[in-house]
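The values are calculated or read from the model by the stated rules, or taken from the named source; none is laboratory data. Worth saying up front: this structure is predicted, and the values here are computed from it rather than measured. Methodologically, a virtual Cβ is constructed for each residue, glycine included, from the backbone with ideal geometry; neighbour enumeration extends over all protein chains shown.
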Amino acid sequence: MNRQRRGQRGVALALVAVFLVVLVGITAIGIDLGRLAHTANEVQTVADSAARAGAKTLFDNSGTPGMGIAAAHVISSDNFVDGSAPPNGDVLVDEGSYNPVSGQFACCTSNSPCCTGGSWRGLTCVPSSSCTRRTAVLAIPHTTVENLFAGVFDFMSGGRFTDTAAAGRPNQHTTVERLAVAHASGPGAGCQVPPECAATPTNWGCYCDHGVAPCLPIAASVCDFPDGCTANNCLPHLTVSNNTNDTACWTGFTGNADANDVRNFMSSGPCQPPNPGPIGTQTISSTISLNNGINTNGNNNTFDLAQCLAGLSAAPQNQPQGCALDSDGRIIPGARGTVFTIPIFDKGTTCPQQCNQSGPVVGFATVKVTGFNPGPPRTLSIDAVANITGTENQSGGVCVATDCQVVMAR
């Protein structure tokens, strides 16, 4: 061995030692990141299961306050995070309602950072205007993970690898938090134009062909719908007449509810020969205008027009413009009938609720126009039906026995 090679003895061993340190460090980083990812999945599972269980319990118990929170904690304790069940204090649960259009959670409690601070990780929380019936649960579980690599070198912050260490080793641990919202979805929407019908919003037949029953300008109180009712024979019979003894009322949707407004909306198709006008635009916001029985005389009486829309008039005004349902409660494409959608309103905890002024919309119900009495008083009879169609449904509102389900919102 020459003199030059004798001076290089041990270099390979030193290089192996250096690379071994690097390899161990990379392995430690991989272990930390992998453990964080696995724990994050576990925490998300707790959030999803807690939110869904809470919303399902609220749905089964007619929105009774507190039931969703209790159920969420029961199911969260059946799941494991980092080898053990999370304590209730690490699973923050709020009850309220969820608006799928705005993406906002309306809080009835203030247990989580979202319901106390107004927003959390992309979810906006707002105070609820009505907490008599709660339909949604927000679950935010969290846990603390000890970072093996960061515990020594402190190069991990918020679950991410950093270029430099922080002074004082504050990142020995990483807090993992996740969010889930589940809510009672349904009933099916009928007051918004299906995407496929956007070019012909006045064609109610297109609505039915795509699983959406068009809306009549009639509304009913949520008080009239039995809690937990899911069968046809336990759903209410509704009447709207030209007096004050009504279980349903005329509505102008988001506009007025006077006779002209309602009449103009229904004056379409065979109901106004020989020059039928277009069907009014159906729009529903958070509140609707309400009116007791509208007593109008002469041509285009509101009751006559409603009778015409349901195909209950004499020929030639006997062409039904609503939808038809099969034996399973599904809308039959191409078939016209007497089935429509009506908005449901809730004006507070006192029942019965009066059909006057305005009311907040909490859902929709599928109904079938079953009869018309020329009076006096003039009376339109409406039966609520269980519509279980699975197409073109939009989430939101209190479930009133049609299209009842619990869904994960986020």
- [ ] Please find, among Ser110, Ser102, the residue that is among the polar types (S, T, N, Q), within 20 Å of His142 (Cα to Cα) and either part of a loop (DSSP other than H, G, I, E, B) or touching a residue at least 24 places away in the same chain (Cβ under 8 Å) (or both).
- [x] Ser110
- [ ] Pick out the one residue from Gly89, Gly68 that is outside any strand (DSSP E or B), of a type outside the set (D, E, K, R), free of Cβ contacts under 8 Å to residues at least 12 places away in the same chain and out of contact with any Lys or Arg (no Cβ under 6 Å at 6 or more places or on another chain).
- [x] Gly89
Open item on the list: Given the criteria on the phi > 0 side of the Ramachandran plot and among the small types (Gly, Ala, Ser), does Gly89 qualify?
Closed with: no
Task: In segment 340-362, residue surrounded by the fewest Cβ atoms within 10 Å (Cβ to Cβ) [restricted to those that are hydroxyl-bearing (Ser, Thr, Tyr) and in a loop (DSSP other than H, G, I, E, B)] - done: Thr350
Open item on the list: Need pairs with beta-carbon distance below 7 Å; first residue within 22 Å of Cys271 (Cβ to Cβ) and within segment 192-207, second outside any helix (DSSP H, G or I) and of a type in the set (D, E, K, R); sequence gap 6+ or separate chains.
Closed with: Gly205/Arg336
Open item on the list: Looking at the structure I just gave you, is Gly68 touching a helix residue (DSSP H, G or I) at 6+ places or on another chain (Cβ under 8 Å) and among the small types (Gly, Ala, Ser)?
Closed with: yes
TODO: From the list Pro316, Pro343, Pro320, pick out the single residue that is over 23 Å from Phe225 (Cβ atoms) and at pLDDT 85 or above.
DONE: Pro320
Task: Residue satisfying condition, being modelled with pLDDT of 70 or more, under 42 Å from the mean Cα position of the chain (by Cα) and either buried (at least 20 other Cβ atoms within 10 Å of the Cβ) or outside any strand (DSSP E or B) (or both), within set Thr124, Thr143 - done: Thr143
Task: Residue list for segment 319-331, filter: surrounded by fewer than 21 Cβ atoms within 10 Å (Cβ to Cβ) and either in contact (Cβ under 8 Å) with a residue 40 or more places away in the chain or not assigned by TED's automatic domain parsing to the domain that holds Pro236 (or both) - done: Gln319, Ala324, Asp328, Gly329, Arg330
Task: Scope segment 223-245; condition assigned to a loop (DSSP other than H, G, I, E, B) and modelled with pLDDT under 85; matching residues - done: Phe225, Pro226, Asp227, Gly228, Cys229, Thr230, Ala231, Leu235, Asn242, Asn243, Thr244, Asn245
TODO: Read through the list (1) surrounded by fewer than 21 Cβ atoms within 10 Å (Cβ to Cβ); (2) touching an Asp or Glu at 6+ places or on another chain (Cβ under 7 Å), then give the number of the only condition that Gln104 fails.
DONE: (2)
TODO: May I ask you to verify whether Lys368 is touching a strand residue (DSSP E or B) at 6+ places or on another chain (Cβ under 6 Å), surrounded by fewer than 23 Cβ atoms within 10 Å (Cβ to Cβ) and at pLDDT below 85?
DONE: no
